[in-house]
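Asker: Before I ask anything, here is the structure I am working with.
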Amino acid sequence: MQDYTELRELGFRGGLETHQQLATAKKLFCHCPTRIRNDEHHQEILRHMRPTLSEFGEYDGTALMEFKTKKQVHYLLYNDSVCTYEMDDTPPFQTNPEAIKTALQLAMMFNMSLVDELHITRKQYLDGSIPTGFQRTAIVGVNGSIPFLGRKLNFIQMSMEEDACREVSDIGHHVVYRTDRLSIPLVEPVTAPELYTPAEMAIAAKLIGETMRSTHLVRRGIGSVRQDVNVSIRGGTRIEIKGVAKIGYIEDLSKIEAYRQKALLDLRHLLKTSDLTADRIKAEYTELTKVQAAGEGFDPGQLETKDHKAAAMILKNFKQFINWPTQPGLTFMDELRGRVRVIACLEYDPTLTEATEALKANLGMSLSPDDAVLVFAGPQEDLETTVKEVKIRIEEAYQGVPPETRQALPGGNTDFERILPGADRMYPDTDLPPQPIPADTFERLQKLLPKKPWERRISYRNLGLSDHLMDRLFNLELCDLYDDLLNTAELKPKSMASLLADRMRGSRRAGKDWMKALGEERIKDTIVWCSTNGITAKGSRYILDWLSGNPTSTPEEALTAVKPLAEAVTGEDK
């Protein structure tokens, strides 16, 4: 494990928000089926988003930022799995009872205090990912904890909410969303900010995932679970890395974000001890001629066709700061690029670049080697937005680390996504009244809970299972099957775990999918039959491989067909 002494000394703190889709048949507030699809859509609609006042008469900063982008939002619709509720044309139905029960069970797995009445609230989303402009959400549990690395991993709360659309493309002022994922129920357990190294972040994410999957009540597959990774260091602020799809990415993302904050704090110190003050940065630009634009790599014909202009922004005495390293291979220039890319929606790549020496000389201004000149192109309205956002981001650099939501990039770097939302984007829902939960519900659901993963790991370790085998059993959701076989099959625990966790997986990759062809119950019955008849775990593999290709046959027929293979290993791991 990597040594994180320096990050501990920097005051590293982390927390996780895990968005896990529920395996319900229908969506959260309508009767549409939950289907992930990539087939041709049936219809398309176009919308524009605008912010609304909170109940306190205030606008959320993120909503105002999204409004500045002037995005045109395109939705790809499916007639058989998207309805008028998702488009905000009809009121919601009562909350899906299957989703409520599932969410409560998951909250129980984290030992939370449960609510006895469901209160639906609205959370503004103006990035277009939800056509209504808000997400309906409700808290189902608070103040939970589970065992973690010799201490407790504490949870602030768990919410149940509807999922958003999937982004297809985002180019210029046009963003396209596929609506198949829209309104699928999900839960969001939120940990306390009590993870103290990037490694702990990844370990916690793995444990949270195992805990929810052990119930068999959640969806599997790419996109069904996404982590929001929250990181800060002493003197910095909470940064949310949004929608991390794989646990394997979390450690590097957390580490690089912590050092990015350190770099920004060091930059703040340099700025404040320099002669340059924030008020000397002017939100102004100079239009370039066709010849100047061509010299900076812009195609004059393309600019003219789109009625775009190339421009330059002069930052006096700022060159040393523009090139200040912030992430591996990135500098403060990339901080500016990210902000401009999102808010000004410039279509050119790179969004911002430093001017050539030839342009600096050609501008006819008394520029010194310490001056930075930024070059960009787009419609006049976007050029004005660009210089304003550059000025705002530089002013923020004098304050340190601005609170942001950032998107994960390959390799562990991040880029700006939006300003971190505040409490002003939450307000009560006016369509759904509070929904009481019957008192006997909790007792009934408690009886349905499986063993907790940490309890199972203790018992599995006592049986001699390696971490590798345990990880496979949990990840493939085979723990219940394995526990049943421990009581019914006369095989060594380690050999049986290897049969389920390794050999079944290997056979599936070879085109012999036991689970799909036979189902869990027949797999169990076959393994019990094999052990009763003196066939080992290794021999059972040949029986199950043959049956997966001949699912209507019996184990006796399978043994006859593969007898030489099965007998070759009979008795060796009984």
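Asker: In segment 328-359, which residues are surrounded by fewer than 22 Cβ atoms within 10 Å (Cβ to Cβ) and not in a helix (DSSP H, G or I)?
Answerer: P328, G329, L330, T331, E347, Y348, D349, P350, T353, E354, T356
Asker: Looking only at segment 518-560, count every residue that is surrounded by 16 or more Cβ atoms within 10 Å (Cβ to Cβ) and either under 19 Å from L473 (Cα atoms) or not aromatic (F, W, Y) (or both) and tell me the total.
Answerer: Of segment 518-560, the ones surrounded by 16 or more Cβ atoms within 10 Å (Cβ to Cβ) are 518, 522-524, 526-531, 535-548, 555, 558-559.
Going one step further and asking which of them are either under 19 Å from L473 (Cα atoms) or not aromatic (F, W, Y) (or both), we end up with 518, 522-524, 526-528, 530-531, 535-541, 543-545, 547-548, 555, 558-559.
Qualifying residue count for the region: 24.
Asker: Being surrounded by 15 or more Cβ atoms within 10 Å (Cβ to Cβ), modelled with pLDDT of 90 or more, farther than 25 Å from E443 by Cα and not aliphatic (A, V, I, L, M), is that true of even one residue in segment 67-74?
Answerer: For segment 67-74, residues surrounded by 15 or more Cβ atoms within 10 Å (Cβ to Cβ), modelled with pLDDT of 90 or more, farther than 25 Å from E443 by Cα and not aliphatic (A, V, I, L, M): present.
Asker: For segment 142-209, please list each of the strands (runs of 3 or more DSSP E) lying entirely inside it that holds at least 1 residues being closer than 21 Å to Q94 by Cα and in the same structural domain as L76 (by TED's automatic domain parsing).
Answerer: Working: elements: 151-162, 166-171, 174-178, 185-191.
Counting at least 1 such residues, we get 151-162, 185-191.
Asker: Quick one: is P436 touching a residue at least 12 places away in the same chain (Cβ under 8 Å) and within 30 Å of T121 (Cβ to Cβ)? Spell out the reasoning first.
Answerer: Details: touching a residue at least 12 places away in the same chain (Cβ under 8 Å): yes; within 30 Å of T121 (Cβ to Cβ): yes.
Yes.
Asker: So is Q446 farther than 30 Å from I239 by Cα and either touching a residue at least 60 places away in the same chain (Cβ under 8 Å) or touching a Leu at 6+ places or on another chain (Cβ under 8 Å) (or both) or not? Please lay out each step first, then the result.
Answerer: Numbers: farther than 30 Å from I239 by Cα: yes; either touching a residue at least 60 places away in the same chain (Cβ under 8 Å) or touching a Leu at 6+ places or on another chain (Cβ under 8 Å) (or both): yes.
It is true that Q446 is farther than 30 Å from I239 by Cα and either touching a residue at least 60 places away in the same chain (Cβ under 8 Å) or touching a Leu at 6+ places or on another chain (Cβ under 8 Å) (or both).
Asker: I'd like to verify a number: residues in segment 75-114 that are in contact with an Asp or Glu (Cβ under 8 Å, 6 or more places away or on another chain), over 17 Å from P185 (Cβ atoms) and either polar (S, T, N, Q) or not in a loop (DSSP other than H, G, I, E, B) (or both), how many?
Answerer: Keep residues of segment 75-114 that are in contact with an Asp or Glu (Cβ under 8 Å, 6 or more places away or on another chain), which gives 75-78, 81-82, 91-92.
Then drop every residue that is not over 17 Å from P185 (Cβ atoms), which leaves 75-78, 91.
Checking which are either polar (S, T, N, Q) or not in a loop (DSSP other than H, G, I, E, B) (or both) leaves us with 75-77.
Total satisfying the criteria: 3.
Asker: Hey, among V168, V140, V218, which residue is surrounded by fewer than 21 Cβ atoms within 10 Å (Cβ to Cβ) and among the aliphatic types (A, V, I, L, M)?
Answerer: Working: V140 fails: surrounded by fewer than 21 Cβ atoms within 10 Å (Cβ to Cβ); V218 fails: surrounded by fewer than 21 Cβ atoms within 10 Å (Cβ to Cβ).
From the options V168, V140, V218, the qualifying one is V168.
Asker: Of the conditions (1) more than 30 Å from R122 (Cβ to Cβ); (2) surrounded by fewer than 19 Cβ atoms within 10 Å (Cβ to Cβ); (3) out of contact with any strand residue (DSSP E or B) (no Cβ under 8 Å at 6 or more places or on another chain), T237 clears all except one; give me its number.
Answerer: (1)
Asker: I would also like to ask the following. Could you pull out the residue among K316, K306, K282 that is at pLDDT below 95 and within 11 Å of A377 (Cβ to Cβ)? Working first, answer last.
Answerer: On the way: K316 fails: within 11 Å of A377 (Cβ to Cβ); K282 fails: within 11 Å of A377 (Cβ to Cβ).
Exactly one of K316, K306, K282 is at pLDDT below 95 and within 11 Å of A377 (Cβ to Cβ), namely K306.
Asker: I've got another one for you. Only residues that are outside any loop (DSSP other than H, G, I, E, B), among the hydrophobic types (A, V, I, L, M, F, W, C) and surrounded by fewer than 20 Cβ atoms within 10 Å (Cβ to Cβ): list them for segment 272-304, please. Reasoning before the result, please.
Answerer: Start the filter on segment 272-304 by keeping residues that are outside any loop (DSSP other than H, G, I, E, B), which leaves 272, 278-280, 286-287, 290-295, 300-304.
Then drop every residue that is not among the hydrophobic types (A, V, I, L, M, F, W, C), which leaves 278, 291, 293-294, 303.
A278, V291, A294, L303 - these are the residues of segment 272-304 that are outside any loop (DSSP other than H, G, I, E, B), among the hydrophobic types (A, V, I, L, M, F, W, C) and surrounded by fewer than 20 Cβ atoms within 10 Å (Cβ to Cβ).
The values are calculated or read from the model by the stated rules, or taken from the named source; none is laboratory data. None of the values given here were measured: they were computed from a predicted structure. Methodologically, a virtual Cβ is constructed for each residue, glycine included, from the backbone with ideal geometry; neighbour enumeration extends over all protein chains shown.
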